[in-house]
Every structure is written in structure tokens, then in C-alpha cells.
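Visitor: This is the structure, below, for whatever I ask next.
The values are calculated or read from the model by the stated rules, or taken from the named source; none is laboratory data. From a predicted model like this one, the values you see are computed outputs, not experimental measurements. Backbone-built Cβ (ideal geometry, glycine too); neighbour counts: all protein chains shown.
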Amino acid sequence: MKKTRICDLLGIEYPIIQGGMTLIAGAELAAAVSNAGALGILSPNAGADPNLSQAENLRNLIRKAKTLTSKPFGVNVPLAGGGAELIEVVIEEGVRIVTTSMGSPAPVAKRLKEAGVKMLHLVASARHARRAEAEGVDAVIAEGYEAGGHNGLDELPTFVLVPQVVDAVQIPVVAAGGIADARGIVAALALGAEGVQIGTRFIATHESLAHSHFKEAVVRAADTDTTITGRKIGPTRMLKNELSQQILEMENRGASREELQAFIGAGQKTRQGQIEGDMTLGEAYCGAVAGLIREIVSAGEVVRSIVEGVPVVIAGLQ
């Protein structure tokens, strides 16, 4: 697989980034991905101890990851709540890569640049990509509507979004949403991206913190087994189950934003599904690409199979 500007920017062998999945992207997963030559990402909430603050939990995760890999890894920082405290932990602990989402990069971009930290910001439109570039980010992650978890309001799919973002900015673009194998990365590179971010495929790995019921549900999922809920409060793609049906029924009968937020709660149902394994009444964030995932393997094997598959896919195009 050819090296791209993303490889040079992040100091990695392959232009593959593991998604910063909120509760399940812990030190073991990030280290395994990085050890395989890609970029592992930590989530500040992964394996969270209720007795620790988010910042303290992140500090512990970073220190643990350092014992498991000598390769570069990064931290995902959602910016909706500001993220300043987490950014300081990242800098203090010597992490050199941050991915950000759910907010403007402006409040933290200058601080990260001064500290020599590379910043990749997630966007869902060309307009947001141009703004992020103007605010000083080093690269953007263009995430299509196929992706699991929270999605953009404009519902642009990856195949449409990525080339428009590539045309809109000069900085490197990473494609995300609907990518799980070598075919996906070849397609992304053909669209002009210089790397990919993969989330859902890494759920079904031995190292992820996802409950075994969640991993097995991803493996069993077919192409039509995810749905979008919460369009009034923020579109979220998850596996279809009784909870998703209840949310959709509430939306269809005109439930208010406040009613929906009260029913879904502040992360309780996400933990119930992804960590506690309740695949009936818990939220199980999952991309539509789950239909391509057929087994639970090591994170390193995911990376290796993609890298080894790329020349085979390209040869088939000749």
C-alpha cells in the first residue's frame, strides 16, 4: 500500500486510523492497531471508572497504552463540552495526535499547534471542512452517513461527501463511514482521500472493550440491520432492536426534543448496550458496513487483511 501525506503526518506505516469509539476504544485496542502499523485511537470514556473524572481516566489510558506500544497513537476528543481539560492531559502525557469531533476546532487548534500536536477534525460537509482548514487543523476526516454513532445533519453518504471535501480543501482528507476491508480503502483512495478511518470493523475484535453480545450482534448483522434514530436531537446510527423501534415510534408520533432526550438518557442506554451487552433495550452504535463483518478477529488481523488485500483489489481493476 502506498504511503500518503497521512502516513507522513502521523508517522504511521499504513493510512488507516481506528475510530475513537466512545466506550470501547481502550488501550489494548489502540495499541494493537498501532503495533500493526496503523493508528490506534483512545477514547477518554473507554472502560471508565465511575470514581475517576474523564481526565483522570484518559491519563490512565494513555499511560497504559504506552506500556503496550512504542508506536504512535492518538486520542479522540469530542468538543461539544469544550474539551480543554482533555487537551491538557494529552499535551502533558506527550501524545502527539488528536482527533476531534462534535464542535468547532477553533477553541483548541491553536493550543494543540503550539504544543506540536497534530489535529484531525471530523466533518460531514465541504463547508465544515473549509472552516476546519481555516481554523488550522492538519487534516479532516470526512465521515459519511453510513457510519455508526452520531452523524451529520445533512445525511451525505461517504461516496458523495469525500470527493467534494477533497476538492474543497488543500489539507489531507481521511474517508470514514462504510469502510471495513481492502475494497473500501481502494475506493476511498480513488475518491481522493489519503487515508481511512474505520470504526465498526474494530468493534468485532478481541481487543475492543465491547461486550461479547455486542460483538456477536455485529457479526450476525445483515445489510439492513442498522437504522438512524434521533433526527430531532442528533442523528445516530445503531443496530435495530426494541429500543431503536421505541425511539422511532416516539419520533413518528411527534415527541418533543425534551421527551426524546429524557427517554434516551445521558449515555445510560449506550453503556447498557455496548458494555453491559443488552442488545434489546441498549444502544448499540454500529455502521451499515456491519453486513460485511463475518468474524471476530484480532485488531492486528483486521489491519493485515486490509493491507494484504489492497494489491489484490487493484490487480482486479487492471
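Visitor: Only one of these is in the same structural domain as LEU39 (by TED's automatic domain parsing), out of contact with any Pro (no Cβ under 7 Å at 6 or more places or on another chain), crowded, with 24+ Cβ neighbours inside 10 Å and modelled with pLDDT under 95: VAL108, VAL90. Name it.
Guide: The unique qualifying residue is VAL108.
Visitor: Follow-up. If only one of GLY47, GLY81 is in a loop (DSSP other than H, G, I, E, B) and either in contact with a Ser or Thr (Cβ under 8 Å, 6 or more places away or on another chain) or on the phi > 0 side of the Ramachandran plot (or both), which one is it?
Guide: Exactly one of GLY47, GLY81 is in a loop (DSSP other than H, G, I, E, B) and either in contact with a Ser or Thr (Cβ under 8 Å, 6 or more places away or on another chain) or on the phi > 0 side of the Ramachandran plot (or both), namely GLY47.
Visitor: Does ARG231 fit the bill of being basic (Lys, Arg), assigned to a loop (DSSP other than H, G, I, E, B) and modelled with pLDDT of 95 or more? Let's see the steps before the verdict.
Guide: Values: basic (Lys, Arg): yes; assigned to a loop (DSSP other than H, G, I, E, B): yes; modelled with pLDDT of 95 or more: no.
Here the answer is no, as ARG231 does not meet what is asked.
Visitor: When you go through VAL297, VAL312 one by one, which is the residue that is under 26 Å from PRO15 (Cβ atoms), in contact with a Ser or Thr (Cβ under 9 Å, 6 or more places away or on another chain) and in the same structural domain as GLN18 (by TED's automatic domain parsing)?
Guide: Answer to the selection: VAL297.
Visitor: Looking at THR280, THR226, THR270, can you tell me which residue is among the hydroxyl-bearing types (Ser, Thr, Tyr), under 27 Å from VAL33 (Cβ atoms), out of contact with any Ser or Thr (no Cβ under 8 Å at 6 or more places or on another chain) and not assigned by TED's automatic domain parsing to the domain that holds GLY19?
Guide: Only one candidate passes the filter, namely THR226.
Visitor: Could you check, for region 262-271, whether at least one of its residues is at pLDDT 95 or above, assigned to a loop (DSSP other than H, G, I, E, B) and surrounded by fewer than 22 Cβ atoms within 10 Å (Cβ to Cβ)?
Guide: No: region 262-271 contains no residue that is at pLDDT 95 or above, assigned to a loop (DSSP other than H, G, I, E, B) and surrounded by fewer than 22 Cβ atoms within 10 Å (Cβ to Cβ).
Visitor: Okay, next question. Limited to region 3-43, what total is found for residues that are touching a residue at least 60 places away in the same chain (Cβ under 8 Å) and either hydroxyl-bearing (Ser, Thr, Tyr) or part of a loop (DSSP other than H, G, I, E, B) (or both)?
Guide: Total meeting the criteria: 16.
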